[in-house]
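Since the structure comes first, as structure tokens, the remarks are kept for the end.
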Amino acid sequence: MSGQEIFVIIIVALLLFGADKLPEIAKGIGKGMRDFRKATDDIKREFEESTSEIRRDFNDVTNSINTQVNDISQDIQKDVNDVSDDLQKGVNDFRSDIDKDVNEVKVNLETGVNEVKDNIEANTVENKDAYKGPTNEPGDNYYNYTD
């Protein structure tokens, strides 16, 4: 309420009840307000007392549920870590087996290639000396020209 509204209410109260009755009315309103506030406080206190046990039980249940959820969460996290470690170990073992097999294949291929290369070189030297066919080079007896 603004100041003008309060001023209008006071003037209306003066006109209706007069100056003599106004202190008694204010005293009565004040006493009524105190009684109302006291009753309200009593109701609040009574409500708090009656619900305190319920709130305590609710807090106990909430704490119990939180503890159980945390325990379950830790168990699940431990299980996930164990499974993850097992999977990682399996992957590392598989990787090392594959690396070992690849190295064996590489060594075998290199050995085979070197053997083939050696065989080709040996056959080339043998075949080069073994075959002498006709050629048209000077000094070749295939074409004997006499002038």
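Straight-line reach from Lys89: taking Cα to Cα under 25 Å and skipping same-chain neighbours fewer than 8 places apart, the lysines in range are Lys78, Lys100.
With only Cα atoms counted, the stretch 25-74 has Rg and Dmax values of 21.0, 69 Å.
Every Cα-Cα pair of the stretch 1-119 was included, and the share exceeding 23 Å stands at 74 percent. Take the Cα of Asp97, step 7 Å toward its Cβ, do the same at Phe58, and the gap between the two points is 5.9 nm.
Approximating the spin labels as points 7 Å out from Cα along Cα→Cβ, the Phe7-to-Asp20 distance works out to 2.9 nm.
Stretching Phe47 away from Ala122 to a fully extended chain increases their span by 16.1 nm, per 0.36 nm per residue minus the current alpha-carbon distance.
FYI, it's all coordinate maths here, none of it is from the lab. Since we're looking at a predicted model, the values are computed, not measured. Neighbour counts are summed over all protein chains in view; Cβ atoms, including those assigned to glycine, are modelled from backbone coordinates with ideal geometry.
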